[in-house]
Protein chains: 2
Amino acid sequence: MSDFTPPVSDFRFLIHDVIGLETVAGLPAFSETSADLVDAILEEAAKFAASVLAPLNRTGDQEGAKLLANGKVQTASGWTDAYTQFCEGGWQGISAPESEGGMGLPILLGAAVAEMWQASNMAFALCPMLTAGAIEALIAHGSDAQRSLYLSRMISGEWTGTMNLTEPQAGSDLSKVRSIAVPKDDGSYAISGQKIFITYGDHEMTENIVHLVLARTPDAPAGIKGISLFIVPKFLVSETGEIGTRNDVHCVSLEHKLGIHASPTAVLSFGDNGGATGYLVGEEGKGLAYMFTMMNNARLAVGQQGVAISERAYQQALDYALTRKQGRDPKTGEDAPIIVHGDVQRMLMRMRSSTEAARALSLYAAAQLDLAHHLDDPTAKAAAQARADLLIPLVKAWSTDLGVDNASLGVQVHGGMGFIEETGAAQHLRDARIAPIYEGTNGIQALDFIGRKVLRDNAAALAALITDIRKTISETRNSGSESGNDVRDAATALEHAIKALELSTATIIERCGTDDRMMQVLATPYLRQAALCVSGWLMLRSMTAAAKADISSDFGARKIATCRFFFEQLLPEAAFMATQIENSRRAELHETQPLF
Amino acid sequence: MSDFTPPVSDFRFLIHDVIGLETVAGLPAFSETSADLVDAILEEAAKFAASVLAPLNRTGDQEGAKLLANGKVQTASGWTDAYTQFCEGGWQGISAPESEGGMGLPILLGAAVAEMWQASNMAFALCPMLTAGAIEALIAHGSDAQRSLYLSRMISGEWTGTMNLTEPQAGSDLSKVRSIAVPKDDGSYAISGQKIFITYGDHEMTENIVHLVLARTPDAPAGIKGISLFIVPKFLVSETGEIGTRNDVHCVSLEHKLGIHASPTAVLSFGDNGGATGYLVGEEGKGLAYMFTMMNNARLAVGQQGVAISERAYQQALDYALTRKQGRDPKTGEDAPIIVHGDVQRMLMRMRSSTEAARALSLYAAAQLDLAHHLDDPTAKAAAQARADLLIPLVKAWSTDLGVDNASLGVQVHGGMGFIEETGAAQHLRDARIAPIYEGTNGIQALDFIGRKVLRDNAAALAALITDIRKTISETRNSGSESGNDVRDAATALEHAIKALELSTATIIERCGTDDRMMQVLATPYLRQAALCVSGWLMLRSMTAAAKADISSDFGARKIATCRFFFEQLLPEAAFMATQIENSRRAELHETQPLF
């Protein structure tokens, strides 16, 4: 099992030299976020990720989480101690408002830090990731009393949070939720029903767990407008936060999963003994709408899991390739590590180049969320929100698909050893495989992108983004000899890709306007095409920044090579996607019979 | 866990209507191979695969093979009984010569049957697959005595066979083999050394196991010319085949693997007690050359594992998509199974279309092996051998990459349930992941293709194949209205792809002539491009055949839709590969520093 070294240089480069810290630090909310502070936090997080979380990744996979005979859920060895340290570092609240006890730092920085947690130990990092989702929901929709009672303890990490959406019959389609919430005289509700796939649905790392639960009130309408959101604490608490009696919610079983073994995925039963006490968040009937307000952050976080697992798999494969001797150096004829072989280099470059492109995309999207939250000017604020909304499904779907592909390549670089569990490469593939599924399958992301994000505003947000991309292309081309031929070649390649994206967009507007099924057929290749183009834009900006003299020469040279590989070997896939879109005809996938 | 239905209709269609049974049945060796016999054998194999092997697939995965405290290897429940039935059916010897006790049937038919074993239970099917490799080696190189003693019992399945090549320091590079064979006075050798990754290296299903072992004699030269091949039976046997004393070869441990849990992957130690008795096969120093004679069949078989797991994953995903209700039908607005969604249909069509294309390629390659073995005319024989040699790396690498991709898509179609082990979809991904690695990694296949199969004869064998492909394209275009617009569009798409393949080939000849590293850089995309083109040829022939009136209308309509999807959605990837090749510049991947 190789060590893990968080890619701090790349985070710094992207934040300072590509995205520009000043774009978010210039916001009044972040007036105290200096470059030094950012660097110090990145270093501190990297230290914690590498020294505390990473060493538990493999042992956690082997031990897994266990449901004991006494009904308690036992996390893997070292988990509780690591979690305690995580809370002591204040990491749970890094991007939460200072007014609620958080650090109040930009989401941009929080995202960089979160990638480190996910890369060092994805099964562990799921716990704070879910808590962060619950925090966001309560910040936006919780009452003052709910905020002071629950929120502060979640931001400190003292209590964790969960999201209880899925039921056996209600996966991608939450309108089918059946759990019931019956109002009681004291203003609380009696909740009953069964929820599945609840991440960290139970554990003993903290003395309480705050479940956020979707359920229907008895007279609620069918469908999504009948769904409300409830706080259901594992233990009831007094007004001052003292732990009281056990609530009527219990872990019935833990799933036996392909990966993330150390993350307890629970089946939770509510109300087996008369009803779990729940407290309504906001208004009745708005549960799903409230969930949607936190969706961007949650999908960004899952997308980052794809980036993170790619980085981890890359580092491990690179380490193996540098040390495993097999075959001879084609130049010298001598025994050599396998990294001398061009095909191994190609696999490693695919991994690195796509990882760095996806990282740039995720951090850029995170910065847009900061702008959307904190800009004063309403037009600029709306534009940032629209851009974040546009990009999030790309981050989620493209990065998590890459996570699987790159983890699989990592196995391949290891040869036979990659298939042996002790090596650890296979774990990354097993862990990575969930990310394209949860938090909205990648198919749903593609539908969200093509439907809500492109067709709904007649591609206006996309057009604004393309305008910015074209501006970068022109600037690069007009920059003269300063940036070199490679950068200008990259700009040309990107321009071709953007032209194709515009053509595909026109095709989609034409064909999908009134045809939902056609939209579904075209969604996936269209999302992939767009993700390649937008990350290509950020790779072009990276290339230009890396060519500047003040970047360390080793880092800069590697970054330029990585970008070049992206433009020459990966971006051309966008043309393939354009062909897929062009070739899709309505009839082709239209009829279930006799197709299947 | 869904049932498995072997795709007998597709085997029959490919054998009778696309490849043409008469091409191999016309060979004198197969004069008794009638269409009825072929169909009867396919039906019989399908019955055995579906009823005996398939139900053991999941339980075998859960139980795995175990090394007991007494040193014995215990296979999963039902394994021994299934193996006994397998032998009783005579299946081990299906393509072995009748003179040696086999059925003497074409490899084409044997390959179809083998795909069923692999699809129904890959972990089980590895045992006969390895025995078949050992059988082939002994047919080609064993002495009369060795053949009568060992071979007949292996062809009946009474004893199984293994291939002992890999050592910890000698994986892809077999020149590094260190196991030693010291000649003894009685003509036998004392073998010592350690072999790893030995598939079915030990088990109790048969009373003996025939290990074929690569080792060096004491005064052998370094490198591949010093390696010899030995028979090392688990139990020594008398001249009449009675089991004698235990030989000095022992299973030290079984690997803990990502997948194929029920296939015991052994570390075998030879000579811990003075030396395992081994018998030289053929001449000293020719061990590796002998191994190469069986490589085509072995690589074909592994390639078929990719096709097989794709088929199995497809059937399971289709079954789920037809029954899982989630969301609404875009047309009617009513609750509907997820198969109504265009994105789900796209995933299923990707799986089915690529699976059927890869199956066509593997069976066509198998038929070329029959021709190469049995044609009388030396020119035609050599041409068939050259074509088989050309195609085998495509079958192995492309199909096994597809196996991983398709098993991963199968998981995705299942959504959250795909990540739960009980569903069984994840097992296919875990099992599929080994096939791109063993029997020569896919990177090695690509090097074999570009170096030995294309550059070495200056692309002559490829040019002959392209001539045949162009002939089909012309015939299709000149066939008039008979075949319809879809078929003519497909022919046009294929022609574009073939032109690009020719251009890429010219680029490769120009750039790689004296540059081994450049060859390594271009090998993988070039193999993929070629595989898409050749399987596209077979899909075009399939489309034409399916359009004929005598194909059942349901099967024919589905086949045409599958082929259309291939030409519109999958074949265009070949242009992306061409771009990757065109864009590869020597410098890019040349230097290890500062690239990594």
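The values are calculated or read from the model by the stated rules, or taken from the named source; none is laboratory data. All values reported here derive from a predicted model rather than from experimental measurement. Every residue, glycine among them, receives a Cβ derived from its backbone with ideal geometry; neighbour counts consider all protein chains shown.
How many residues are at pLDDT 90 or above, more than 26 Å from residue B:478 (Cβ to Cβ) and within 7 Å of chain A (Cβ to nearest Cβ) if we restrict to the stretch B:549-581? Going through the stretch B:549-581 one residue at a time, the tally reaches 6. Reported count of residues in the stretch B:174-193, each being buried (at least 19 other Cβ atoms within 10 Å of the Cβ), more than 14 Å from chain A (Cβ to nearest Cβ) and not hydroxyl-bearing (Ser, Thr, Tyr), is 3. Condition check for residue B:241 on (1) crowded, with 24+ Cβ neighbours inside 10 Å; (2) in contact with a helix residue (DSSP H, G or I) (Cβ under 7 Å, 6 or more places away or on another chain): one failure, at (1). Scanning the stretch B:39-69 for residues that are out of contact with any Asp or Glu (no Cβ under 8 Å at 6 or more places or on another chain) and closer than 13 Å to residue B:7 by Cα returns B:39, B:42, B:43, B:44, B:45, B:46, B:47, B:49.
Residue-by-condition table, conditions (1) over 22 Å from residue A:346 (Cα atoms); (2) at the interface with another protein chain (Cβ under 7 Å from one of its Cβ atoms); (3) out of contact with any helix residue (DSSP H, G or I) (no Cβ under 8 Å at 6 or more places or on another chain):
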{"residue": "A:404", "(1), (2), (3)": "no, yes, no"}
{"residue": "A:409", "(1), (2), (3)": "no, no, no"}
{"residue": "A:412", "(1), (2), (3)": "no, yes, no"}
{"residue": "A:421", "(1), (2), (3)": "yes, yes, no"}
{"residue": "A:425", "(1), (2), (3)": "no, no, no"}
{"residue": "A:428", "(1), (2), (3)": "no, no, no"}
{"residue": "A:433", "(1), (2), (3)": "yes, yes, no"}
{"residue": "A:439", "(1), (2), (3)": "yes, no, no"}
{"residue": "A:445", "(1), (2), (3)": "yes, no, no"}
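Within the stretch B:369-410, the set of residues being more than 19 Å from residue B:462 (Cα to Cα) and either hydrophobic (A, V, I, L, M, F, W, C) or modelled with pLDDT under 95 (or both) comprises B:375, B:402, B:404, B:407, B:409. Tell me, please, whether a residue that is more than 25 Å from residue A:526 (Cα to Cα), modelled with pLDDT under 95 and over 28 Å from the mean Cα position of the chain (by Cα) can be found in the stretch B:525-548. Checked against the condition, which is being more than 25 Å from residue A:526 (Cα to Cα), modelled with pLDDT under 95 and over 28 Å from the mean Cα position of the chain (by Cα), the stretch B:525-548 yields at least one hit. Scan the stretch A:467-481 for residues that are free of Cβ contacts under 8 Å to residues at least 12 places away in the same chain and surrounded by fewer than 14 Cβ atoms within 10 Å (Cβ to Cβ) and jot them down. Scanning the stretch A:467-481 gives A:467, A:471, A:474, A:478, A:480, A:481.
Criterion first (more than 30 Å from residue A:149 (Cα to Cα), loosely packed, with under 15 Cβ neighbours inside 10 Å and modelled with pLDDT of 95 or more) does residue A:77 satisfy it? Judged against the criteria, residue A:77 is a match.
Restricting A:171, A:133, A:201 to those that are surrounded by 19 or more Cβ atoms within 10 Å (Cβ to Cβ), under 30 Å from residue A:47 (Cα atoms) and in the same structural domain as residue A:283 (by TED's automatic domain parsing) reduces the list to A:201.
Close Cβ contacts (under 8 Å, 6 or more residues apart or on different chains) running from residues in the stretch B:54-71 that are outside the structural domain of residue B:258 (by TED's automatic domain parsing) and polar (S, T, N, Q) to residues that are surrounded by fewer than 17 Cβ atoms within 10 Å (Cβ to Cβ) and at pLDDT 95 or above comprise B:59/B:77.
Only residues that are farther than 30 Å from residue A:427 by Cβ and assigned to a strand (DSSP E or B): list them for the stretch A:251-279, please. Result: A:269, A:270, A:276, A:277, A:278, A:279. Residue B:203 fulfils the conditions (1) away from every other protein chain (no Cβ under 14 Å); (2) of a type outside the set (D, E, K, R); (3) in contact with a Gly (Cβ under 9 Å, 6 or more places away or on another chain) except for a single criterion, (3).
Summed over the stretch A:154-173, the residues that are within 14 Å of another protein chain (Cβ to nearest Cβ), over 14 Å from residue A:197 (Cα atoms) and at pLDDT 95 or above give a count of 0. Those residues that are more than 10 Å from chain B (Cβ to nearest Cβ) and buried (at least 16 other Cβ atoms within 10 Å of the Cβ), I need them from the stretch A:506-526; list them, please. Within the stretch A:506-526, A:507, A:508, A:511, A:512, A:526 meet the criteria.
Of the numbered criteria (1) modelled with pLDDT of 95 or more; (2) away from chain A (no Cβ under 14 Å); (3) in a helix (DSSP H, G or I), the one residue B:297 fails is (1). Would you mind telling me which numbered condition in (1) farther than 30 Å from residue B:371 by Cβ; (2) more than 14 Å from every other protein chain (Cβ to nearest Cβ); (3) in a loop (DSSP other than H, G, I, E, B) residue B:231 fails? It fails just one condition, (3).
May I ask you to list the residues in the stretch B:333-377 that are part of a loop (DSSP other than H, G, I, E, B), within 14 Å of chain A (Cβ to nearest Cβ) and among the acidic types (Asp, Glu)?
Just the residues of the stretch B:333-377 that are part of a loop (DSSP other than H, G, I, E, B), to begin with: B:333-334, B:341, B:375-377.
Filter again for within 14 Å of chain A (Cβ to nearest Cβ), leaving B:333-334, B:341.
Passing the criteria: only B:334.
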